[in-house]
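Notes for the one structure printed next.
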Amino acid sequence: MGGCVLALYATAHLGNHLVALAGVAAHRHAMEALRLFYRHPLVEPLLLLFILTQVASGAWGAWQALRGGRPMHPVARVQALSGLVLGSFVLIHACAVLAGRWVLRLDTDFYFAAAGMHVPPYGWFFVPYYFAGVAALGMHLGCAAYWALSARPMVRRRRAVLALALLGVGLGALLCLLLAGSIVPVQVPAAYLATYGV
């Protein structure tokens, strides 16, 4: 259940970022509507609990599978590896957002996510970080679809993996371009840049 909840949340969260294709103001409008739900005092602690339990159980399962010494199905191997990348990304991202809110006292909005892309040399970290996180999500969901479609012909199962993996790669690249200001103008406020010593 936790995995399904997090998949829905990740889809909504990523979709919120992609609304920035219409401008940062449009992103903010969508974000404020979504925050009414996922920052609700009863919902947010549950989301954080799901994140912790899913990352811990996923990491343990992947570790057990990868070190087992038995041959693994290629899809199971991709699922384990993409899960480790995704889990690392989600854990770092959640901690950064909580630190931004509670320690730095910043609104963890589009500018919070984009700031590192606008202060050299931090882009060398943030571009692969965001790209890998979103690409891993697509690959992980593709592998889950492969197993969920076990009653379907193999060609359809393989297409599901490939389609979701390519979608993740494409959305990861698009998100990086958005945050970098390569698609719509992004003028990061000084308060966010100051966290990088600018």
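The values are calculated or read from the model by the stated rules, or taken from the named source; none is laboratory data. Computed from a predicted structure; not experimentally measured. Cβ sites come from the backbone with ideal geometry, for glycine too, and all protein chains shown count toward neighbours. The accessibility values were calculated without ligands, DNA or RNA, using every heavy atom of the protein model including side chains. Shrake-Rupley method; radii C 1.70, N 1.55, O 1.52, S 1.80 Å.
Descriptive notes on the structure:
- Percent accessible area from carbon and sulfur atoms, segment 92-152, protein chains only, probe 1.4 Å: 72 percent
- Restricting the calculation to alpha carbons of segment 1-41 gives Rg and Dmax of 11.1, 34 angstrom.
- Normalised per residue, the accessible area of the chain is 57 Å², obtained with a 1.4 Å probe and no contribution from ligands, DNA or RNA.
- Total charge dipole magnitude, segment 78-198, about the Cα centre, Cβ charges on Lys, Arg, Asp, Glu only, Debye to nearest 20: 580 debye
- Going by accessible surface with a 1.4 Å probe and the largest first, ARG101, ARG157, ARG28 read ARG28, ARG101, ARG157.
- Within the shell of other residues whose beta carbon sits under 11 angstrom from the beta carbon of ALA191, the net charge comes to 0, with Lys and Arg scored +1 and Asp and Glu -1.
- Summarising the overall dimensions of segment 1-117 from its C-alpha atoms, the Rg and Dmax are 16.5, 51 angstrom.
- Short to long, the 5 Å bins of the Cα pair-distance histogram for the chain hold 1, 7, 14, 18, 19, 17, 11, 7, 4, 2, 0, 0 percent of all pairs.
- What separates the Cα centres of segment 26-49 and segment 89-103 is a distance of 15 Å.
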